[in-house]
Amino acid sequence: MSGLSHLRAPALLALEDGTCFEGLACGAPGEAHGEVVFNTSMAGYQEVITDPSYAGQIVTMTSPHIGNYGVNAADMESRGVFASGLVVRELSDVASNWRAEETLSAFLTRLGVVAIEGVDTRRLTRHIREMGALRAVVSTEDLDPASLVAKARQAPGLVGRDLVAEVAVRERFTWGGEMPPGCEVPVDTGVLPVTPRHRVVAFDSGIKYNILRRMAEAGCEVIVVPPTTSAAEALALEPDGLFFANGPGDPSAVTYLYETLRSLLGERPVFGICLGHQMLSLALGCATYKLKYGHRGGNQPVKNLLTGRVEITSQNHGFCVDFASIGPLVPELSGDLTHDVGDLGAWVRAGVAPVVRSERFGHVQLTHVNLNDMTVEGVRALDIPAYSVQYHPEAAPGPHDARYLFGSFVRLMDGADDVFAGGGES
Amino acid sequence: MPRRDDINKILIIGSGPIVIGQACEFDYSGAQACKVLREDGFEVVLVNSNPATIMTDPEFAHRTYVEPITVESVERVIAAERPDALLPTLGGQTGLNCAMALDAAGVLQRYGVELIGATREVIAKGEDRKLFREAMERIGLDTPRSAYAYAIADAEAFVAQVGWPVVIRPSFTMGGAGGGIAYNADELRAITANGIALSPVGEVLVEESVIGWKEYEMEVMRDVNDNAVIVCSIENFDAMGVHTGDSITVAPAQTLTDREYQVLRDASLAIMREIGVTTGGSNVQFAVNPADGRLVVIEMNPRVSRSSALASKATGFPIAKIAAKLAVGYTLDEIPNDITRVTPACFEPSIDYTVVKVPRWAFEKFPGTDTTLTTRMKSVGEVMAMGRTFAEALGKAMRSLENGRAGLGADGKDVFDEHHFDRYLAVPNEQRPYYIAEALRRGRDVAEIAELTGVDPWFLEQMRRMVEVEASIAGRPLAEITAPELRKAKQHGLSDVQVAHLTGALEGDVRRARLDLGVRATFKAVDTCAAEFAAGTPYYYKTYEEENEAVRTDRKKAMILGAGPNRIGQGIEFDYCCVHAAYALSEVGYETIMVNCNPETVSTDYDTSDKLYFEPLTFEDVMDIVDLERPDGVLVTFGGQTPLKLAHALEQAGVPILGTPPEAIDLAEDRRRFAGVLDRLGIAYPAAGTASTLEEAVEVAARIGYPLLVRPSYVLGGRGMVIAYNEEYLLRYVQQATEVSPDHPVLLDRFLEGAIEVDVDAVCDGETVYIGGVMEHIEEAGIHSGDSACCIPPFSLGDSTVGRIREHARALALELGVRGLMNVQFAVKDEAVYVLEVNPRASRTVPYVSKATGVALAKVAARVMAGQRLADMDLPPEDRELGRFCVKEAVMPFGRFPGTDSVLGPEMRSTGEVMGVAADFPSAYAKSQLAIDYSLPTEGTAFVSVCDRDKRAIVPVARHLHSLGFRIMSTRGTARLLKAAGVPVDEVRKVHEGRPNIVDAIVNGDVQLVINTPFGRETRSDGYHIRTAAVEHGVSNITTLAAAQASVQAIEAIQRGGLDVIALQDLGGDAS
């Protein structure tokens, strides 16, 4: 519950399974639906809600105090808020930080984002953990539980849904240059290269600004193109490398994007993050599946099987790739071991990065594994220049342990062999 | 990388006695390390002079040496045990310094002992401010501008460059000892001189002030593969300028954006790598300018620390345990997370609650000392509280302090100094949180208070909400308060007692109303992962939310109430007893439930008991747990006064109390009724009386006669206790004492001057009594038993006297109906045995007795409380020959409180204790003295000056010192006496006799030993100046005749050089 000094209107959160949470409105008035998920990052709420990958999702922050340091223009991860709603235990009325420009509540209200506070967010998180991600509606208008639960049941889910088209840009732009209509000029572009070493074409599926900042700092000129850009159009921009970004929704629904990617494999070096990783994996012939409640937070341990080092990573994904579905194991490239390809724990314990053979693109190696649940976090093709990670090396929010992956992309474009050298240095 | 197989035997050095700046957090860390290394098949050798620790329980290590932590003594241990490796990072600054000294002395090389966890170079780089600064420059991190000073002139020259104020930090001292902030030239000279004197290398760092900046701490771990994680971030409520041990601290950090937090994280990891900490935990401190975010590194500790203990308790991530595993070769990803059991320890905990630590001070014990909080730590303990929000956690922490307050004010006990109100806001002090709350109540602006205090507006806004919630119910009848209002009050940390005060009701009414309205406590788990994974370890805190996670089991259960924050009079000894109770009850099949709020302790380690509730020890908080768990019995007699004072209320609420019934405890506390018991048993006691007015006191005094021992009733640690030699003093005292304890009368006892004091710890099961130990005090009666040295077995009492003491103890235990532990204090004067006091509960001496005799008395007592009979326990005969002497000595904190007289008296002021074990009494006493910082000199000049009462007895002492080669120096009176007795003596001037005088001699380092016994309590006398000078200059300072006699024997023993080390495992006796 909030303090008494400000009178906040009641609000209600209803889940499709009938569970309801009462609270108070702390954002814009209205009603929003989406899949309710939780994020365990203790700081970085602004980056979370402005990450386009959260489109279609109502985000619960597990940290009880949210809004303490307000919001500021430099920490925006995109042109606006993409999470469809926000659920917190307590939203701060004051913004206490030398960079604060606005309170979170004012920001949410200004951008029309529905938010609810005073919720037992731990109960909600445990509920999601046990039941899996659920469809939900948060409302300041309809406070009747039965009615709101009914709405939650009618809300569209994420499976089979292409949300990329909704969040991506419709016009091409160069990072650091003029932004397309509807996009404000970012306050912070990172350090732009004076003389770029490489030109990268980044397919926007909801790209986070910090990916662009990191690319720029690695010496790249980045041209962001809409996801529907064809392979020929992309190649016409004469890129040294192709980047596939993070984004919302079900990867298997974004058929056009991974088909474009497939047609570009071998043409130019490819790097993918999050949805981009799923695009690369799908292009390589791999299946994806939905995790029960996903990985969302800034403390996920990922082992780099090539260096043996563990990176603490920032993650935000509900879907995952099934490495074993790419093709059969190649024992002679897998330390002569014959473990089950799908038993990632066995490979982690053996300290070996297994290699499988895909039908069309040759050898594919498993490079990164999540140590919490032994799921796939990174793959690379050995016979063509392409790699991707499921997590967020650009962080924002989260640790910088995996920042080296941007350097790896530059090395890949340089034609170096040891693209993962320096892995784990933060 | 897996476990190292090239090492087998590991030496761990503990942190020694509890002192300010180094408390039982190192017992928690060390005990964890011993346990985990032992489980992993390593042979563990432990050195720690502190017998009150769990880590020195004989089953924690293979070889346990309760010996002084000195190079000489540890070298003997190394020679005897030949360990392969030394793990120096778990014993605080003491352990680290000793390891460095052993290395510097060539001992480690000589015996081929490898330093693991931190190498010599790492320790030097982390601890030496100059090397540290250079290291920070190399990695591009900013530090405050600073310069080294080896003389006052150096400091003055630096100030000319950077301006006032400056912070002064002596190199290589613990808890910031000797440091301070200088705002003017006088302070600069005083602090610099003192700091140079205290620094073992005669060096201080004078630093640009970052006072008022925000302070953050990061707890970092790194393994041999260079995997590194941040376990916890901590934000200080108090701005820079207050030692972090004296600051209210909050976890996780609350007012940093992720971008700024990650800058701190990157810097912390870079520092770990640059300093070269390859395995283990470190603490890094930063200051951030709130105006522009400029970041400077303050310091790092390449070892486990008080903050790492706090971080472990705050997150559930056991830093010390993991550090020990990393030191022997494991990597973070190979170690499972104990709490989730399915995920690895290689991650960063995410917490979905707020943790607040509040320090506990004891300034009332040290009149005359400056109570301003500075860069030098002064607190003696701390509490931690968890709530979902900061407000809730702060409220809980404020009622956990055991200072008579029920929260952040609004409890009927608010008293403010109106004339200096703003000074209490602006100058950091113990009372400041109450002043902030009051300022907010009076409607003062958050921005204004932030400006005055340097406290972040976010914290102040939370406090403003707390007082706003207070105001919303204040002055309204309880019946009118609705369920949502009550829930809101609880969510903002208000206690039932505060609600009762605000609504003019009784605490019980509030509880009933609350439960009737359905405003019930819920318990949430501490799980390291914000509920992302299911937790396997039941570690809970209370909050007011929708869902409760704590589940009652069907097992038979016992609830143990802990001792709360460490303070003088109630320290680690009581936590030791609680931990033993948990172990013993678990062994006999109980589910054990621990309740405590002290983050430094072993009792609040999640694997000490079956369930842990990290909660304040108030009636409200305990009852909320009782309502959920419905225990078969609650133990109130192990945690000292804290749980004991709840006994009645719990019993009245129908809670089953295990062991001695509260009624028996009352009987022993009620002087009139207890006198009846003693009369009935035919046991002598000093004449006594009670007075509730001044007139009565005079009347009683006239009847009993002087000298008198005078004290308020119901006190712990001799608070407010004095010896009155005349009526004038008595009257002055009684006038003051009425403020100490207004509800209780003043007690007057005949003081048995010159009597020998004896303590007995015993266990009774209702049929038989087992005397655990008879302790003969070194200092005579009149000095608080907690402050005097004592010896097991008695070294001067005759068998018949000891026999009578045993019989009296036995009779008393049976007569009072004790079921469990009992402590009796006796005085022996002219062969007559008097009973001074009986406490039917665990005493401060239980751990010492257990270590000395090999019988774990607290466990025996817990088994008795669980229904077992002493006769069935196969205990060794209580009067057996031990074949050794074990001396316990108290450790005094006078060095921390300049201006306080170091004379011992009936009010306890020691913070901790050490034990010396040897075949003869002088050697055991010598060890006990060597184990304390101010070691005994073996040559030089002894200054001897005693009161008239001691004149005759001092002659043989002086003669003995002379024969040991000491030069004797005395002021006129004593000098005349010694000359007459034929002892060569040099005369020196008293302070008021002009210069140069005795104080000059002490300051100039011409005196190595001071023996100065006062008569009564003089203030600002010659003796005061002499003792104060001795304390400030680290000169051994003896204030009683008995201690002087024992010390001279000890010096002789040291000169003989025969202080062999002895392992507890070789002493025999059933220690577990």
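General observations
- Meets criteria (surrounded by fewer than 21 Cβ atoms within 10 Å (Cβ to Cβ), within 14 Å of another protein chain (Cβ to nearest Cβ), in contact with a helix residue (DSSP H, G or I) (Cβ under 9 Å, 6 or more places away or on another chain) and of a type outside the set (Gly, Ala, Ser)) for A:Glu130: no
- Selection of segment B:454-498 for residues being under 30 Å from the mean Cα position of the chain (by Cα), more than 10 Å from chain A (Cβ to nearest Cβ) and either in a loop (DSSP other than H, G, I, E, B) or of a type outside the set (A, V, I, L, M, F, W, C) (or both) yields B:Gly454, B:Val455, B:Gly493, B:Leu494, B:Ser495, B:Asp496, B:Gln498.
- Residue count, segment B:115-168 (criterion: of a type in the set (Lys, Arg) and either surrounded by fewer than 17 Cβ atoms within 10 Å (Cβ to Cβ) or in contact with a His (Cβ under 6 Å, 6 or more places away or on another chain) (or both)): 4
- Set side by side, the residues A:Gly160, A:Gly182 differ, and just one is in contact with a helix residue (DSSP H, G or I) (Cβ under 6 Å, 6 or more places away or on another chain) and surrounded by fewer than 17 Cβ atoms within 10 Å (Cβ to Cβ), which is A:Gly160.
- Residue in segment A:59-79 that is closer than 27 Å to A:Gln390 by Cα, in contact with a Cys (Cβ under 9 Å, 6 or more places away or on another chain) and more than 12 Å from chain B (Cβ to nearest Cβ) present: yes
- Residue list for segment B:380-437, restricted to those being charged (D, E, K, R), within 14 Å of chain A (Cβ to nearest Cβ) and in a helix (DSSP H, G or I): B:Glu392
- A:Ala106 meets the conditions (1) over 16 Å from A:Ala396 (Cβ atoms); (2) more than 7 Å from every other protein chain (Cβ to nearest Cβ); (3) in contact (Cβ under 8 Å) with a residue 24 or more places away in the chain; (4) surrounded by fewer than 22 Cβ atoms within 10 Å (Cβ to Cβ) in every case but one. The failed one is (3).
- Among residues of segment B:612-631, those that are within 20 Å of B:Cys577 (Cα to Cα) and either at pLDDT below 95 or not hydrophobic (A, V, I, L, M, F, W, C) (or both), counted: 5
- Of all residues in segment B:725-737, those that are acidic (Asp, Glu) have Cβ atoms under 9 Å from Cβ atoms of residues that are crowded, with 18+ Cβ neighbours inside 10 Å, 6 or more apart or on another chain, in B:Glu727/B:Ala701.
- Filter pass, B:Glu348 being within 14 Å of another protein chain (Cβ to nearest Cβ), modelled with pLDDT of 95 or more and part of a helix (DSSP H, G or I): no
- Taken over segment B:240-268, the criterion of being within 13 Å of chain A (Cβ to nearest Cβ), more than 19 Å from B:Ser312 (Cβ to Cβ), in a loop (DSSP other than H, G, I, E, B) and among the hydrophobic types (A, V, I, L, M, F, W, C) is satisfied by B:Leu256 alone.
- All of (1) in contact with a strand residue (DSSP E or B) (Cβ under 8 Å, 6 or more places away or on another chain); (2) touching a residue at least 60 places away in the same chain (Cβ under 8 Å); (3) among the hydrophobic types (A, V, I, L, M, F, W, C); (4) within 21 Å of A:Lys208 (Cα to Cα) hold for A:Ala253 with one exception: (1).
- Members of segment B:634-669 that are touching a residue at least 24 places away in the same chain (Cβ under 8 Å) and among the polar types (S, T, N, Q): B:Thr637, B:Gln641, B:Thr642, B:Thr660
- Looking only at segment B:190-206, residues that are out of contact with any Gly (no Cβ under 7 Å at 6 or more places or on another chain) and buried (at least 24 other Cβ atoms within 10 Å of the Cβ) come to 3 in all.
- The criterion of at least 2 residues that are in contact with a strand residue (DSSP E or B) (Cβ under 7 Å, 6 or more places away or on another chain) is met, among helices (runs of 4 or more DSSP H) falling completely within segment B:113-213, by B:129-138, B:152-162, B:185-198.
- Of all residues in segment B:924-942 being small (Gly, Ala, Ser) and surrounded by fewer than 24 Cβ atoms within 10 Å (Cβ to Cβ), the one that is nearest to the chain's Cα centre (by Cα): B:Ser935
- Test: residue in segment B:67-86 that is touching a strand residue (DSSP E or B) at 6+ places or on another chain (Cβ under 9 Å), within 19 Å of B:Val917 (Cβ to Cβ) and part of a strand (DSSP E or B): no
- Scanning segment A:15-58 for residues that are surrounded by fewer than 24 Cβ atoms within 10 Å (Cβ to Cβ), polar (S, T, N, Q) and within 11 Å of another protein chain (Cβ to nearest Cβ) yields a count of 1.
- Qualifying residue in segment B:415-436 (condition: charged (D, E, K, R) and touching an Asp or Glu at 6+ places or on another chain (Cβ under 7 Å)): no
- Against the criterion of being surrounded by fewer than 23 Cβ atoms within 10 Å (Cβ to Cβ) and among the aromatic types (Phe, Trp, Tyr), B:Phe317 does not qualify.
- Taken over segment B:257-298, residues that are on the phi > 0 side of the Ramachandran plot and crowded, with 20+ Cβ neighbours inside 10 Å amount to 1.
- Close pairs (6 angstrom Cβ cut-off, 6 or more residues apart or separate chains): under 25 Å from B:Gly245 (Cβ atoms) in segment B:588-604, in a loop (DSSP other than H, G, I, E, B) and of a type in the set (A, V, I, L, M, F, W, C) anywhere: B:Glu600/B:Ala23; B:Glu600/B:Cys24; B:Thr601/B:Cys24; B:Val602/B:Ile54
- Any hit, segment B:452-462, residues being of a type in the set (Phe, Trp, Tyr), over 23 Å from B:Gly412 (Cα atoms) and either surrounded by fewer than 22 Cβ atoms within 10 Å (Cβ to Cβ) or out of contact with any strand residue (DSSP E or B) (no Cβ under 6 Å at 6 or more places or on another chain) (or both): yes
- Where strands (runs of 3 or more DSSP E) sit wholly within segment B:766-840, those with at least 2 residues that are free of Cβ contacts under 8 Å to residues at least 60 places away in the same chain occupy B:769-780.
- Any chance A:Ala73 is aliphatic (A, V, I, L, M) and more than 27 Å from A:Ala168 (Cβ to Cβ): no
- Some residue of segment B:667-684 being touching a helix residue (DSSP H, G or I) at 6+ places or on another chain (Cβ under 7 Å) and surrounded by fewer than 17 Cβ atoms within 10 Å (Cβ to Cβ): yes
- From A:Gly112, A:Gly118, residue being surrounded by fewer than 24 Cβ atoms within 10 Å (Cβ to Cβ) and within 11 Å of chain B (Cβ to nearest Cβ): A:Gly118
The values are calculated or read from the model by the stated rules, or taken from the named source; none is laboratory data. Model, not experiment: these values are computed from the prediction. Counting neighbours? That spans all protein chains shown, and the Cβs are built from the backbone with ideal geometry, glycine included.
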